[in-house]
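This report refers to the structure that appears directly beneath it.
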Amino acid sequence: MSEKDTMTSTVSVNGADRELAADATIAEIVHEIAGDSRGVAVAIDGVVLPRDRWEATVGELEPSAIDVLT
């Protein structure tokens, strides 16, 4: 496991600051918040993230804000 994988970042998720692991995927965050991903959209720093990019990690995207919209 690389050092980057064990790092965390403070990210605003739906307006609340959270510590997220660098290797956490957007899909995992969606599942934690919404359960089912049907009818869900995700915005990273105000820009909609296509569903085919939800396997991207927090470390890859380096977001300051994630909004999970149901």
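Taking region 1-22 on its own, how many of its residues are closer than 20 Å to residue 70 by Cβ and either open to solvent by less than 50 Å² (accessible area, probe 1.4 Å) or small (Gly, Ala, Ser) (or both)?
Counting residues in region 1-22 that are closer than 20 Å to residue 70 by Cβ and either open to solvent by less than 50 Å² (accessible area, probe 1.4 Å) or small (Gly, Ala, Ser) (or both) gives 6.
Conditions tested, residue by residue: (1) more than 24 Å from residue 7 (Cβ to Cβ); (2) without any contact (Cβ under 8 Å) to a residue 24 or more places away in the chain; (3) in contact with a Pro (Cβ under 9 Å, 6 or more places away or on another chain); (4) surrounded by 15 or more Cβ atoms within 10 Å (Cβ to Cβ).
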{"position": "24", "(1), (2), (3), (4)": "no, no, no, yes"}
{"position": "29", "(1), (2), (3), (4)": "no, no, no, yes"}
{"position": "34", "(1), (2), (3), (4)": "yes, no, no, yes"}
{"position": "38", "(1), (2), (3), (4)": "yes, yes, no, no"}
{"position": "57", "(1), (2), (3), (4)": "no, no, no, yes"}
{"position": "60", "(1), (2), (3), (4)": "no, yes, no, no"}
{"position": "64", "(1), (2), (3), (4)": "no, no, no, no"}
{"position": "67", "(1), (2), (3), (4)": "no, no, no, yes"}
{"position": "70", "(1), (2), (3), (4)": "yes, no, no, no"}
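Could you say which residue among 53, 38 is of a type in the set (Lys, Arg), farther than 16 Å from residue 16 by Cβ and touching a helix residue (DSSP H, G or I) at 6+ places or on another chain (Cβ under 9 Å)? Give the derivation first.
Details: 38 fails: touching a helix residue (DSSP H, G or I) at 6+ places or on another chain (Cβ under 9 Å).
Answer to the selection: 53.
Select from region 1-50 the residues that are over 11 Å from the mean Cα position of the chain (by Cα) and assigned to a loop (DSSP other than H, G, I, E, B) and list them in ascending order.
Residues satisfying the conditions are 1, 2, 7, 15, 35, 36, 37, 38, 39, 40, 46, 50.
Residues that are open to solvent by less than 40 Å² (accessible area, probe 1.4 Å) and free of Cβ contacts under 8 Å to residues at least 12 places away in the same chain: does region 41-50 have at least one?
Scanning region 41-50 turns up no residue that is open to solvent by less than 40 Å² (accessible area, probe 1.4 Å) and free of Cβ contacts under 8 Å to residues at least 12 places away in the same chain.
The values are calculated or read from the model by the stated rules, or taken from the named source; none is laboratory data. Here the structure is a predicted model, which means the values were calculated and not measured. Using ideal geometry, Cβ is built from the backbone for each residue, glycine included, and neighbour counts are taken over all protein chains shown. All accessible areas refer to the heavy atoms of the entire protein, side chains included, with ligands and DNA or RNA removed. Shrake-Rupley method; radii C 1.70, N 1.55, O 1.52, S 1.80 Å.
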